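Okay, so here's the structure we're looking at.
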Amino acid sequence: MYKLFLVFSCYFVLSPLCSIGQVFDWISSTEGNVWQSTSVKMEKGVGATVDLKVDDLLRDSMVFKAWGMTFNELGWDALHVLSPDTQDEIFSRLFSSEGDMGFTLGRIPMNANDYARSWYSCDEVSGDFQLKYFNIDRDKTSIIPYIREAQKYNPSMRF
């Protein structure tokens with residue numbers, strides 16, 4: 001799993017230097033192979049023919065509803081190493097209706113996911129089937145503020 005995919009994604013999508021023919025750094029981490037950096041040059045043309053087949057039988061049964069993303073701790077952390085002006089630009093480009101991505105749908109992970117700082121659960125008490133000890137205290141430190149910040153740019157986001 002690439003732990004820093006979101007960092008790369010934000011850099012790739014939002015960097016003003018990332019246009020056709022430009023070079024960017026791909027940074028990835030896997031278990032036992034941490035923080036590997038590779039310089040990648042974007043190509044101006046496609047190197048192969050792309051075949052795309054659309055099955056007409058499925059056309060009426062599939063409805064595209066929205067573009068979206070997952071809110072997670074490492075995404076929030078990556079944004080907070082940037083200046084406030086850069087954060088504002090990124091949030092605007094991701095979430096505002098005039099932005100490049102215009103995300104209108106958000107996914108909120110329950111417990112730790114691949115982009116959590118570490119493993120955690122919202123209820124650590126064994127056998128707590130009534131969820132008396134369920135809490136989202138950890139999510140209040142990053143995931144919820146991340147969502148609220150996105151909602152400033154798109155108050156009608158759905159989750």
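The values are calculated or read from the model by the stated rules, or taken from the named source; none is laboratory data. Since this is a predicted model, take the numbers as computed values, not measurements. Because the Cβ atoms are built from the backbone with ideal geometry, glycine has one as well, and the counts that use them run over all protein chains shown. Accessible surface is based on the protein model in full, side chains and every heavy atom, while ligands, DNA and RNA are left aside. Shrake-Rupley method; radii C 1.70, N 1.55, O 1.52, S 1.80 Å.
Observations
- Test: residue in the range 71-90 that is open to solvent by less than 80 Å² (accessible area, probe 1.4 Å) and farther than 27 Å from residue 27 by Cα: no
- Unmet criterion (only one of (1) under 18 Å from the mean Cα position of the chain (by Cα); (2) surrounded by 13 or more Cβ atoms within 10 Å (Cβ to Cβ); (3) farther than 25 Å from residue 27 by Cα) for residue 123: (1)
- The listed residue being assigned to a loop (DSSP other than H, G, I, E, B), surrounded by 10 or more Cβ atoms within 10 Å (Cβ to Cβ), in contact with a Pro (Cβ under 8 Å, 6 or more places away or on another chain) and not β-branched (Val, Ile, Thr), out of 116, 112: 116
- Within the range 39-70, the set of residues being open to solvent by less than 100 Å² (accessible area, probe 1.4 Å) and more than 28 Å from residue 106 (Cβ to Cβ) comprises 39, 40, 42, 45, 47, 48, 54, 55.
- Subset of the range 99-109 that is under 14 Å from the mean Cα position of the chain (by Cα) and part of a loop (DSSP other than H, G, I, E, B) - its residue that is surrounded by the most Cβ atoms within 10 Å (Cβ to Cβ): 103
- Screening the range 66-98 for residues that are in a loop (DSSP other than H, G, I, E, B) and in contact (Cβ under 8 Å) with a residue 24 or more places away in the chain and picking the one that is farthest from the chain's Cα centre (by Cα) gives 97.
- Restricting attention to the range 31-65, the residues being part of a loop (DSSP other than H, G, I, E, B) and at positive phi number 1.
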